[in-house]
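Reviewing the structure listed below.
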Amino acid sequence: MLEPGSLEERCTISSVAAHTLYEKSHPYFLPGPGGVLDLSDARFEQLDDRRVKVSGSKFVASDKYAVKLEGAKKVGFRSIFIGGVRDPILIGHIDEVLTRVAKDVKDYFKDIPLDQYQMIYHVYGKNGVMAELEPVKNATPLELCIILEVAAPTQELATAICSRARTELLHCPYEGRIGTAGNIAFPFTPLEISLGEVCAFNVYHLMEIDDPVNLFPIRYLEV
């Protein structure tokens, strides 16, 4: 039975069921320490306005005990710029423009190996959330928010690459262009924003161990 600690909150069938999808690779099975939580037969019942009863779930013990192991590594430094696009002509050519900008950056920094830096565009209003998985391909947005993030071994290099990409995007030619002084609006200065160290997941799995408690020693201190 689930009941919120705050009297101002309440549990509902939808809110409890939705939480079972949190950070999971499968909607029914949640691997974890010692086995798998199986929710395929779970039932949710609203007891009153604030409480929900969950039944039918079961824990299936594994032959080998395992604990979740997560880890991250530093992959460099990140800089970004944020730009707004309202020009419908540019919006219609945005994919080819961003491709051209990426090629310009590659040519300009040709002495730097491509595996030394990474450029990722987030085009909100088009596919900024889903990226290539966005199912709606032919929508015509009214405006776009373009965020470029650049990761590189040093903050200075990340900012330099970001600056080159911003400048090229600002003045990049495209078919039907009317204004040549720039068709991107930048809401912040400095135009390139340094975000410091950037990390990425490099470990996320179940680690088999012989003793369930050996990795988690407890010390008692009398103060």
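The values are calculated or read from the model by the stated rules, or taken from the named source; none is laboratory data. Please read these numbers as outputs of a predicted model, since none were measured by experiment. When we count neighbours, we look across all protein chains shown, and the Cβ atoms used for this are built from the backbone with ideal geometry, even at glycine. Please note that ligands, DNA and RNA were not included when accessible areas were found on the heavy atoms of the full protein model with its side chains. Shrake-Rupley method; radii C 1.70, N 1.55, O 1.52, S 1.80 Å.
For segment 113-213, taking Cα atoms only, Rg and Dmax work out to 19.0, 70 Å respectively. The label-point distance for L2 and A131, in a model that sets each label 7 Å from Cα toward Cβ, rounds to 3.0 nm. Helical runs assigned H by DSSP (4 residues or longer) give the chain a calculated mean residue ellipticity at 222 nm of -6000 deg cm²/dmol, each run adding -39500 (n - 2.57) before division by the residue total. Give the range of the longest stretch in the chain that excludes all GluC sites (Glu not before Pro) found in loop regions by DSSP and having at most 11 other beta-carbon atoms within 10 Å. Segment 24-174 is the longest.
Helix 155-171 axis versus longest C-alpha principal axis of the chain: approximately 50°, rounded to the nearest ten. Computed from backbone phi, the HN-Hα couplings of segment 199-205 come to 10, 9, 4, 10, 9, 7, 7 Hz, rounded to whole numbers (Karplus: 6.51 cos²θ - 1.76 cosθ + 1.60, θ = phi - 60°; Gly and Pro given as x).
For S15, the accessible area of its heavy atoms, probed at 1.4 Å with every protein chain present, is near 60 square angstrom. The C-alpha atoms of the chain define a longest principal axis, and helix 94-108 lies at about 80 degrees to it.
Counting only aspartates and glutamates at least 8 places from K64 when in the same chain, those with an alpha carbon closer than 14 Å to its own are E208, D210, D211. P(r) tail, the chain: Cα-Cα pairs separated by more than 30 Å, 53% of all pairs. Shape class for segment 93-140: prolate, because the ratio a/c of the largest to smallest gyration tensor axis (alpha-carbon atoms, square roots of eigenvalues) is 1.5 or more and a/b beats b/c. Farthest toward the positive end of the dipole of segment 1-71, out of A17, S55, G34, is the Cα of G34, where the dipole comes from beta carbon charges about the Cα centre. Note on segment 110-223: with charges restricted to the Cβ of Lys and Arg (+1) and Asp and Glu (-1), its dipole about the Cα centre is near 640 debye.
Listed by chain and number, the lysines placed with their C-alpha closer than 30 angstrom to that of K137 are K24, K103, K106, K126; residues fewer than eight positions away on the same chain are left out.
Tell me the per residue accessible area of segment 79-200 using a 1.4 Å probe; a whole number in Å² is fine.
Numbers: 7090 Å² over 122 residues.
I get 58 Å² per residue for segment 79-200.
For segment 1-108, the list of chymotrypsin sites (Phe, Trp or Tyr not before Pro) that fall in a loop by DSSP and count at most 12 other C-beta atoms within 10 angstrom reads Y22. Among the trypsin sites (Lys or Arg not before Pro) within segment 121-186, those in coil by DSSP and having at most 10 neighbouring Cβ atoms inside 10 Å are K137. The charge dipole of segment 158-223, taken about the Cα centre with unit charges on the Cβ atoms of Lys, Arg (+1) and Asp, Glu (-1), comes to about 560 debye, rounded to the nearest 20. A P(r) calculated from all alpha carbon pairs of segment 1-125, with 5 Å bins opening at zero, reads 2, 7, 11, 11, 9, 8, 8, 9, 11, 11, 8, 4, 1, 0 percent. The shape of segment 1-72 comes out prolate: with a ≥ b ≥ c from the C-alpha gyration tensor, a/c is at least 1.5 and a/b beats b/c.
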